[in-house]
1. What percent do you get for the relative contact order of the chain when only Cα pairs under 8 Å and 6+ apart count?
2. Go ahead and set up a Gaussian network model of the chain, Cα springs under 10 Å, then flag whichever of Lys216, Lys38, Lys196 fluctuates most.
3. Whole angstrom only: what separates the Cα centroid of the range 170-188 from the Cα centroid of the range 7-60?
4. If a/c stays under 1.5 just call it rounded; otherwise compare a/b with b/c (prolate if a/b is bigger, oblate if not). Do that for the range 121-227, with a ≥ b ≥ c from the square roots of the Cα gyration tensor eigenvalues.
5. Take the chain, compute every pairwise Cα distance, and split them into 10 Å bins from 0; I just need the percent in each bin.
6. Sum up the charges of everything whose Cβ sits under 15 Å from the Cβ of Leu124, counting Lys and Arg as +1 and Asp and Glu as -1, but leave Leu124 out.
7. What are the ³J(HN,Hα) couplings of the range 140-149, residue after residue, when phi is run through the Karplus curve with 6.51, -1.76, 1.60 and θ = phi - 60°? Round to Hz, x for glycine and proline.
8. Find, to one decimal place in angstroms, the Kirkwood hydrodynamic radius of the range 1-130, where the mean of 1/r is taken over every pair of different Cα atoms and then inverted.
Amino acid sequence: MPTQKIIDGFPFVDYTHDTYPPPDMIRRSHEMLHWMDKRRTVRDFSPNPVPREVIENILLSAGTAPSGAHKQPWTFCAVQDAVLKTKIRAAAEEEEYKSYHNRMSEEWLKDLRPLQTNWDKPFLETAPWLIILFKRIYEPEPDGHKHNNYYVQESIGIAAGFLLTAIHNAGLVALTHTPSPMNFLAELLERPENEKAFLLVPVGYPAAECWVPDLKRKTLEEIAVFY
Ligand code: IYR
């Protein structure tokens with residue numbers, strides 16, 4: 001049991017963390033890099049079911065993300081229901097069709113060609129789970145006051161990263177899908193006014209035949225500057 005102490009009226013617990021000598025740290029960081037590098041965004045999902053308990057733990061892992069003033073400004077909707085998934089697919093494709101045909105610039109469409117994406121989103125029905133992340137802009141208080149959350153975009157972005165890592169760790173795959181505009185998700189899932197859809201993440205096993213673009217990651221020199 002951690003020891004508690006009170007600072008300025010607020011409870012604190014003592015914290016220790018496993019640390020490693022440099023050679024072990026180096027080995028562990030290599031292993032982590034190798035493992036993270038195996039994560040890929042996938043669009044070809046198997047319909048095989050995934051136990052709800054796995055999804056619950058993945059969501060709890062995402063919920064360990066740091067957040068502004070520890071407000072945890074997120075709601076994760078996990079959709080398994082086939083009827084709802086069909087509705088989500090239809091609404092997403094309606095928006096995506098308009099995006100691909102009218103709303104996206106020529107430059108944008110050209111940038112997406114190596115990924116071979118289009119308005120057709122079968123994975124929204126095939127994947128056994130759709131996780132929709134909602135950011136909580138404010139918390140409604142009983143007297144009607146809207147108590148704003150802080151750094152909501154940053155906080156939920158970090159939670160999304162944790163979510164993807166937890167999915168990868170479970171041996172599952174995901175897609176960071178951003179149908180735009182995303183308002184239809186709040187409507188279909190009957191979310192309250194303080195919640196705005198942030199990201200739609202289909203989760204499942206990769207299909208038996210699953211192709212991903214042959215992408216190259218930037219080198220350390222390209223992404224990092226040491227001072
Ligand atoms: N939201 C669309 C388009 C799209 C945009 C980007 I930037 C991508 O990296 C991939 C797709 C879609 O989901 O197809």
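The values are calculated or read from the model by the stated rules, or taken from the named source; none is laboratory data. Bear in mind the structure is a predicted one, so any value in this text is a computation, not a measurement. Reconstructed Cβ throughout: ideal geometry from the backbone, glycine too, with neighbour counts over all protein chains shown. Accessible surface is based on the protein model in full, side chains and every heavy atom, while ligands, DNA and RNA are left aside. Shrake-Rupley method; radii C 1.70, N 1.55, O 1.52, S 1.80 Å.
1. In percent, rounded to a whole number, it is 30.
2. Ranking Lys216, Lys38, Lys196 by mean-square fluctuation puts Lys216 first.
3. First find each Cα centre; the distance between them is then 22 Å.
4. Oblate is the answer for the range 121-227, as a/c is 1.5 or above yet b/c matches or exceeds a/b.
5. 7, 24, 33, 23, 10, 3, 0
6. Taking every Cβ under 15 Å from that of Leu124, the sum is -3.
7. Per-residue couplings from phi come out as x, 9, x, 7, x, 5, 9, 7, 5, 8 Hz.
8. Numbers: mean 1/r = 0.0506 Å⁻¹.
With all distinct Cα pairs of the range 1-130 included, I get 19.8 Å.
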